[in-house]
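Okay, structure first, notes after.
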Amino acid sequence: MSATPPDDTSATGRPAAAGTLSATDRAHLAEALRIARATLADGNRPFGAVLVAAEGRVLATGRNAAAQTGDPTSHAELDAVRAVTAADRPAVAGATMFASGEPCPMCAAALVWSGVGRIVFGTAAPDIRAVVPGSPSFTLRCDDVVRASDATVAVVGPVLGDEGLAPFRELAAGLARPPR
Ligand SMILES: [Zn+2]
């Protein structure tokens with residue numbers, strides 16, 4: 001039974017979710033958010049992902065690159081799953097996917113196919129949609145997709161507060177600016 005360190009408190013005032021995350025979990029999620037910000041700077045929607053093996057090794061990272069590639073399925077979680085090397089593929093069983101934003105139904109299904117044991121996401125899809133409208137929206141949440149499968153995958157989130165929405169606010173502000 002792992003205990004949450006007493007100093008591992010959430011900066012976002014979400015004690016229920018914070019209790020399920022270790023300091024290492026939070027560091028991986030912070031990296032996913034850093035990737036999200038970096039890909040936003042490249043003109044993409046700000047989603048980042050870090051796939052971490054059960055023993056703690058980072059297997060792959062991913063980012064949304066749909067604007068750059070023109071591929072609408074170029075999502076961060078899918079990018080990370082595809083980036084895992086053949087040698088590392090067995091280590092995906094029981095791995096954790098840290099995603100800055102809640103995985104969409106496509107990515108949630110891909111994560112079930114990949115065999116991960118846990119999904120931790122920062123920001124809920126409806127909260128993102130409220131800030132950046134105009135993309136497809138699904139009533140199916142990540143947890144709905146996972147629970148509709150026969151896989152056992154723990155879904156934890158949302159665990160980020162306003163810092164998770166900040167890149168989307170920047171995106172929305174950019175969209176509101178007239179083209180130059
Ligand atoms: Zn997706």
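We did not get these values from a lab; they are worked out from the coordinates using the rules stated. Owing to the predicted nature of the structure, the values given are computational and were not obtained by experimental measurement. No Cβ is skipped: glycine too gets one built from the backbone with ideal geometry, and neighbour counts run over all protein chains shown.
Around R141, with a cut-off of 10 angstrom between Cβ atoms, what is the net charge of the other residues, counting Lys and Arg +1 and Asp and Glu -1?
Computed value for this residue: -2.
Of all beta bridges DSSP finds with both residues in the chain, what is the antiparallel percent, to the nearest 5? Don't jump to the answer; show the numbers that get you there.
On the way: 9 of 17 bridges.
Antiparallel bridges: around 55 percent, rounded to the nearest 5.
If one takes the longest principal axis of the Cα atoms in the chain, at what angle in degrees, from 0 to 90 and to the nearest 10, does the Cα axis of helix 162-176 lie?
20 degrees
Can you give me the relative contact order of the chain as a percent, contacts being Cα pairs under 8 Å and 6 or more apart? Walk me through the numbers on the way to the answer.
Working: 348 pairs, mean separation 35.0, N = 180.
Here the relative contact order equals 19 percent.
Which of the three applies to region 46-118, rounded, prolate or oblate, going by the alpha-carbon gyration tensor with a ≥ b ≥ c and a/c under 1.5 meaning rounded? Display every interim value, and only then the final one.
Numbers: a/c = 1.85, a/b = 1.68, b/c = 1.10.
It is prolate, given that a/c is not under 1.5 and a/b is the larger ratio.
Of the peptides 63-73, 154-164, 98-108, how do they stack up when ordered by the mean number of other Cβ atoms within 10 Å, highest first?
On the way: 63-73: 15.6, 154-164: 19.6, 98-108: 26.8.
Sorting 63-73, 154-164, 98-108 by mean packing, highest first, produces 98-108, 154-164, 63-73.
Show me, for region 56-70, the HN-Hα J-couplings you get by feeding each phi into the Karplus relation (A = 6.51, B = -1.76, C = 1.60, θ = phi - 60°), rounded to Hz, glycine and proline as x.
3J(HN,Hα) across region 56-70, in whole Hz: x, 7, 6, 8, 5, 10, x, 8, 6, 9, 4, 5, 6, 8, x.
Measure out, as a whole number of angstrom, how far apart the alpha-carbon centroids of region 91-110 and region 56-89 sit.
10 Å
What number does region 62-180 give for Rg over Rh if you use C-alpha atoms and the Kirkwood radius?
Values: Rg = 15.0 Å, Rh = 15.1 Å.
Checking Rg against Rh, the ratio lands at 0.99.
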